[in-house]
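Colleague: This is the structure I have questions about; it appears just below.
Every read-out reported here was derived from the displayed coordinates using simple, explicitly stated rules and does not represent laboratory data. Since the model is a prediction, treat every value here as computed from it, not as a measurement. Note that each Cβ is placed from the backbone with ideal geometry, even for glycine, and that neighbours are counted across all protein chains shown.
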Amino acid sequence: MKLAITMLATLALLSCKDEKLQANNTTEVITEEPNDDESSKRAEIIAFAKEQLGTKYCYAGSEPETGFDCSGFVNYVFKKFDIELPRSSSGFEDVGPALDPRDFKVGDILVFYGYQDRDRIGHVGIISEADGMNSKFIHSSSGKEMAVMISELGSDAYTNRFYKAVDVIGKK
């Protein structure tokens, strides 16, 4: 795992380029440095979340031994990284400002309306592959699978219920 993170970080650094800007016949070198600590933390969060794939769904569950509901899973994952979050999905309604889909990152939290009640927040998950409204996310599903799984935000089941995405890792 550490080797994979080191390789990703090295690739990210190697892909950074210096840009030269001309202004009044002078050259200025500008280098944009990625926030390696934040990127690494996001990768670690998703790696830890994926360790729970297949863990059974359990209403009000918050531990792998007994199973997870959606917010119990999200809370469990982020708690390991000292990030305190609401324990119920409805508590995410007021967490952070909504992100533009172009700004979605791995580790951001997706917030959804309920399956039957489209007026209240009823589901949450963690982005595992960021690609705007085509992102994939890991969550504890009470649907047919009844387990922690990865789903596509772009599917009808989730796009129609999407409320917002929030960044709880890089927030200032």
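Colleague: Where a ≥ b ≥ c are the square roots of the eigenvalues of the C-alpha gyration tensor, would you call the range 43-96 rounded, which needs a/c under 1.5, or, failing that, prolate if a/b is larger than b/c, or oblate? Intermediate results must be reported in sequence, preceding the final value.
Modeller: Details: a/c = 2.13, a/b = 1.15, b/c = 1.85.
Cα axes put the range 43-96 in the oblate bin.
Colleague: Set the bar at 24 Å for Cα to Cα. Now go through K105/K144; K79/K144; K79/K105 and name every pair that lies beyond it.
Modeller: Numbers: K105/K144 27 Å; K79/K144 27 Å; K79/K105 19 Å.
Cα-Cα > 24 Å for K105/K144; K79/K144; rest within.
Colleague: Return the distance in nm (one decimal) between the two label points of a simple spin-label model at A157 and E129, each offset 7 Å from Cα along Cα→Cβ.
Modeller: Result: 1.6 nm between the two label points.
Colleague: Could you tell me the convex hull volume per residue, in Å³, taken over the Cα atoms of the range 35-166?
Modeller: Hull volume over Cα atoms, normalised by residue count, gives 97 Å³.
Colleague: For the range 91-109, list residues with backbone N below 12 Å from a point placed 7 Å from the Cα of R120 toward its Cβ?
Modeller: 91
Colleague: Compute the length gained on full extension between D37 and R87: take 0.36 nm times their separation in residues and subtract their Cα-Cα distance, giving the result in nm to one decimal.
Modeller: Details: separation 50, 0.36 × 50 = 18.00 nm, distance 2.62 nm.
Value of the extension gain: 15.4 nm.
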